[in-house]
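Enquirer: I have a structure I would like to understand better, so I am pasting it below and will then ask my questions one at a time.
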Amino acid sequence: MSRHPSVKWAQRSDNLFITVQLPDAQDVKLKIEPEGKFFFSASSGVEKIPYEVELDLLDKVIVEESKASIGSRSIQYIVKKAENKWWSRLIKPTGKPPVFLTVDWDKWIDEDEEFTSKGAPEAEMGDMGFDFPNLNLGGGGFDGPAPEMDDDDEDDTEDENAEEASSAEKEVPSASGEADTKKT
């Protein structure tokens, strides 16, 4: 009996990205049919444990323009869609998807962001299309030295702490809720 490897997927309007996570895969076989049948089989490990995945994709694909890349930890497929449109799901059967099938959030781009995010269509085969200078990670973004912040009470001198304590003692709330100052 065969096992199911973990399978992740993402899409663009023209391609599907299917990643089969199977370290040290041997005897990899892939069959894609134009009607949308996707079949994968391989063995892994010293015991050559067999793994299989069979998916009935939502729509038709172009087999001749699809690509595969076998790595040491995973097998990545770029499957060309027959029509340039977004699919509502990967497989035809509705309901809960198989437990081995998940979304590849590393490659996922929303439909409305496909052509607005810089480098998105180039996310093929491991290049996630990140533009690090535009990620706004909080470094820099101003000219000159950093502004001085005095929010930290740990660096206050004893004189400043004494002044704050004495001014707090002088203000006593009255019955009306306004602060009255004591005369010392």
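Enquirer: Taking the Cβ of Ile62 as the centre, find all other residues whose Cβ is under 13 Å away and add up their charges (Lys, Arg: +1; Asp, Glu: -1). Working shown, then result.
Expert: Values: positive: Lys60, Lys67, Lys80, Lys81; negative: Asp14, Glu33, Glu35, Asp59, Glu64, Glu65, Glu83.
Once positives and negatives cancel, what remains is -3.
Enquirer: Compute the label zone of Lys60 within the stretch 30-49: residues whose backbone N is under 11 Å from the point 7 Å along Cα-to-Cβ.
Expert: Answer for the stretch 30-49: 34-36.
Enquirer: Let me ask another. Determine the relative contact order of the stretch 1-41: mean sequence separation of Cα pairs under 8 Å and six or more apart, normalised by residue count, in whole percent.
Expert: On the way: 37 pairs, mean separation 10.6, N = 41.
After rounding, I find 26 percent.
Enquirer: Still on this structure, I have one more. How would you classify the stretch 63-105 from its alpha-carbon gyration tensor, with a ≥ b ≥ c the square roots of the eigenvalues: rounded for a/c under 1.5, else prolate if a/b is greater than b/c, otherwise oblate?
Expert: On the way: a/c = 2.47, a/b = 1.15, b/c = 2.15.
Here the stretch 63-105 falls in the oblate category.
Enquirer: If each of Ala68 and Ile91 carries a label point 7 Å out from its Cα toward its Cβ, how far apart are those two points in nm?
Expert: So the label points at Ala68 and Ile91 sit 1.9 nm apart.
Enquirer: Over 29 Å between C-alpha atoms is what I'm after, so list which of Lys48/Lys80; Lys8/Lys48; Lys48/Lys92 land there.
Expert: Working: Lys48/Lys80 31 Å; Lys8/Lys48 22 Å; Lys48/Lys92 31 Å.
The answer is Lys48/Lys80; Lys48/Lys92.
Bear in mind that the values in this text are calculations on the coordinates, not laboratory data. Owing to the predicted nature of the structure, the values given are computational and were not obtained by experimental measurement. Please note: Cβ atoms are built from the backbone with ideal geometry, for glycine as well, and neighbour counts cover all protein chains shown.
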